[in-house]
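**Student:** Once you've had a glance at the structure underneath, I'll fire off some questions.
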Amino acid sequence: MEKRRASAYEIYKTYKRCQEECIGENKPADCSPVQKRKRIRIKKKVTFHDDVQIYIQSPKKEAPDHECLNPATKNHEANWLTNREKILKPKKSIQRKSNERSPFKKNLASLQLPFVGPSLESILEGIGKIADSQARADKLFEWLILPVSPSIFFSDIWETKPVLITRCNSGYYKGLFSTEVFHQILKENDVQYGVNLDVTSYTNGQRQTHNPPGRALPFSVWNYFKNGCSLRLLNPQAFSVTVWNVLSILQELFGSMAGANVYLTPAGTQGFAPHYDDIEAFIIQLEGKKHWRVYQPRMADEVLPQFSSPNFSQEDLGQPILEVVVEAGDLLYFPRGYIHQGDCLPDTHSLHITISSYQKNSWGSLLEKLLPAALQIAVEEDVEFREGLPLDYFSYMGVQNSEKADPRRQTFIEKVQRLIRKLSDFCPFDAAVDQKAKDYLHDCLPPVLTEEEKATSVFGASTRWENGHVKDLALRFKGKTKIRLLRRGIARLFSEGENIVLYYSLDNSRVYHKEEPKSFEVNSEHCDSIEFLINSYPSFVTVESLPCEKLVEKISVAKLLFEKGLLVTEEPCVCE
């Protein structure tokens, strides 16, 4: 009879127990011959794959900060047992003799020291002092994936393979979100079942949603949780200023909306069926731990899919390419199209937040904007596109005629192919990108202003009501007043027919598409000045340097943008 294969969780528990016993007795890691034999049997079953990377934090000073393992395992114990300085061959089991020294002992000491990076609070405070909002996004993302460098991530991992980043530091993401914050949100906000909160379960291969109608009050929500249901908060950025701030910064890095969901799972349960998503997913473990299995796309049309999948049964899945226990302070990333499922271990609950981006942000999404516009222009400008189709083309084209050996078929196909090639000459590339940019400005979150931005924008203007009169209402702008846009991507000029319109995201809702796109029409004589301000960011420029003919027009542009909240001054603006 074939011996039962140890599960990922059993391997993890065996490792932890051996580690604790050996450290408690001040013995080397392979202290017990029985334990050593168990570990050797486990390691013989570990398989590595090309398309997964595991980054293990090591405090060794001589080791590069961003060194990575090329492979990863079906069984997550390689997360602890693999020597991070050794690249293992893919899809080849590790075979060791019983007298061979295990990497377990070599890495044991290094695993005792956590990776201690800066706190989220200090990061947000520090990047608030950076002038360029794009640089703020770069700095925040760098912290999010430490000790992996962004350059390695985007060149080797992004859209291509999963990665697990372990830190042995449960408090690394402290302050981002917590169960206590979850409870306060339920108490203090109008959280609605099915709109803001889902109650789910996954048992015996069946995924169920248990949302009653109405408001999700703490008493009923925690009763569901106590009875084994998972809780999914759909838009935490609408309730948590910290999550809102993080996402609003990161969206400038991605050039695409950054969203989030929070998942709270009771111990020993699973809330969702296996599936893949249409977003790039960053799983940030906040509390407890969770057992994850990640699977490669099953076929070519599931690689980087345009839409999320339905739920899969366990029979639909092959072997996972990554099976890990993600602990608090760790990050798991996987691209869209990678099937995944997570279940909670028996000894603790799990709280994680999934940060997502790049939904419908592919070349295909751009071509959906570009090609219809190109065809319209081609039909208007080129008579060949307006010529009539052959009289009898129904008789030799179409599926029922696809196997006919008719020379007219080839002539017809070559004509269509030539017109398609010719279509590229009519593509309004910039106009199509503008349409994508317009969608982005509608999708994204409004910024969370720093104290300095508040003080130097209309939000810090000293206008007040006093003794029945309005005070300090007039803005004092002069030619030497230094100004700049509030953020790099806060606004963009668009041409709509005969009009020029400025779209902006400052007044967006924290709830996705709750408001209509925000815009206002711009006088044509002011367009050059607005474009000048957009291209000058993050530098301050004087009002008198704006490319308008008269100073009064320059001041008029500056006041218009300031009153809309899109402009800041180098010094707090004085009102009269």
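**Student:** Kindly indicate the residue of the range 505-525 that is modelled with pLDDT of 95 or more and outside any loop (DSSP other than H, G, I, E, B) and also least open to solvent (accessible area, probe 1.4 Å) among those meeting that condition.
**Tutor:** So, considering only residues that are modelled with pLDDT of 95 or more and outside any loop (DSSP other than H, G, I, E, B), the one least open to solvent (accessible area, probe 1.4 Å) is 520.
**Student:** Looking at 486, 475, which is the one that is in contact with a Phe, Trp or Tyr (Cβ under 7 Å, 6 or more places away or on another chain) and buried (at least 17 other Cβ atoms within 10 Å of the Cβ)? Before the answer, list the steps.
**Tutor:** Numbers: 486 fails: in contact with a Phe, Trp or Tyr (Cβ under 7 Å, 6 or more places away or on another chain).
Matching residue, one of 486, 475: 475.
**Student:** Keeping to the range 396-445, report how many residues are among the hydrophobic types (A, V, I, L, M, F, W, C) and either within 26 Å of the chain's Cα centre (by Cα) or closer than 30 Å to residue 235 by Cβ (or both). Break it down stepwise before answering.
**Tutor:** Going through the range 396-445, the residues among the hydrophobic types (A, V, I, L, M, F, W, C) turn out to be 397, 399, 405, 412-413, 416, 419-420, 423, 426-427, 429, 431-433, 437, 441, 444-445.
Narrowing the set further to residues that are either within 26 Å of the chain's Cα centre (by Cα) or closer than 30 Å to residue 235 by Cβ (or both) leaves 432-433, 437, 441, 444-445.
Matching residues across the range 396-445 total 6.
**Student:** From the residues in the range 526-540 that are hydroxyl-bearing (Ser, Thr, Tyr) and part of a loop (DSSP other than H, G, I, E, B), which one is farthest from residue 257 (Cα to Cα)? Before you say what the answer is, go through the steps one by one.
**Tutor:** Let us first name the residues in the range 526-540 that are hydroxyl-bearing (Ser, Thr, Tyr), namely 529, 536-537, 539.
Adding the requirement that they be part of a loop (DSSP other than H, G, I, E, B) leaves 537, 539.
Working: 537: 21, 539: 25 Å.
Among those that are hydroxyl-bearing (Ser, Thr, Tyr) and part of a loop (DSSP other than H, G, I, E, B), it is 539.
**Student:** Filter the range 427-464 down to the residues that are open to solvent by 40 Å² or more (accessible area, probe 1.4 Å), aliphatic (A, V, I, L, M) and more than 30 Å from residue 241 (Cα to Cα) and list them by number.
**Tutor:** Scanning the range 427-464 gives 431, 433.
**Student:** Report yes if some residue within the range 408-426 is open to solvent by less than 90 Å² (accessible area, probe 1.4 Å), farther than 30 Å from residue 132 by Cα and assigned to a loop (DSSP other than H, G, I, E, B); otherwise report no.
**Tutor:** The answer is no, given that none of the residues of the range 408-426 is open to solvent by less than 90 Å² (accessible area, probe 1.4 Å), farther than 30 Å from residue 132 by Cα and assigned to a loop (DSSP other than H, G, I, E, B).
**Student:** Follow-up question, since we're still on this one. What about residue 208, is it in a strand (DSSP E or B) and either without any contact (Cβ under 8 Å) to a residue 12 or more places away in the chain or surrounded by fewer than 13 Cβ atoms within 10 Å (Cβ to Cβ) (or both)?
**Tutor:** Yes.
**Student:** Mind checking whether some residue in the range 166-175 is more than 30 Å from residue 298 (Cβ to Cβ), assigned to a loop (DSSP other than H, G, I, E, B) and touching a Ser or Thr at 6+ places or on another chain (Cβ under 7 Å)? If you could, list the steps in order and put the result at the bottom.
**Tutor:** Quick first cut of the range 166-175, residues more than 30 Å from residue 298 (Cβ to Cβ) only: 167-175.
From the residues that got through so far, the ones that are assigned to a loop (DSSP other than H, G, I, E, B) too are 167-175.
Subsequent filtering for residues that are touching a Ser or Thr at 6+ places or on another chain (Cβ under 7 Å) retains 174-175.
Within the range 166-175, one or more residues are more than 30 Å from residue 298 (Cβ to Cβ), assigned to a loop (DSSP other than H, G, I, E, B) and touching a Ser or Thr at 6+ places or on another chain (Cβ under 7 Å).
**Student:** Sort out which residues of the range 336-364 are in contact with a helix residue (DSSP H, G or I) (Cβ under 7 Å, 6 or more places away or on another chain), more than 30 Å from residue 226 (Cα to Cα) and outside any strand (DSSP E or B), and write them in order of number.
**Tutor:** 337, 358
**Student:** Continuing with this model, one more query. Of the residues 351, 370, 389, 332, which single one is over 26 Å from residue 445 (Cβ atoms) and out of contact with any Cys (no Cβ under 7 Å at 6 or more places or on another chain)? Even if it seems obvious, please write down each step before you answer.
**Tutor:** Working: 351 fails: over 26 Å from residue 445 (Cβ atoms); 370 fails: out of contact with any Cys (no Cβ under 7 Å at 6 or more places or on another chain); 332 fails: over 26 Å from residue 445 (Cβ atoms).
Residue meeting the stated conditions: 389.
**Student:** State which residue pairs qualify: first residue assigned to a loop (DSSP other than H, G, I, E, B) and inside the range 240-265, second residue open to solvent by 20 Å² or more (accessible area, probe 1.4 Å) and aliphatic (A, V, I, L, M) in any location, beta carbons under 9 Å apart, and separation of 6 or more residues or different chains.
**Tutor:** Pairs that qualify, where the first residue is assigned to a loop (DSSP other than H, G, I, E, B) and the partner is open to solvent by 20 Å² or more (accessible area, probe 1.4 Å) and aliphatic (A, V, I, L, M), are 240/181.
The values are calculated or read from the model by the stated rules, or taken from the named source; none is laboratory data. Fair warning: this is a prediction, and the values are worked out from it, not measured in the lab. Cβ: placed from backbone, ideal geometry, glycine included. Neighbour counts: every protein chain shown. For the accessible areas, the whole protein counts, side chains as well, though only heavy atoms, and no ligand, DNA or RNA atoms are used. Shrake-Rupley method; radii C 1.70, N 1.55, O 1.52, S 1.80 Å.
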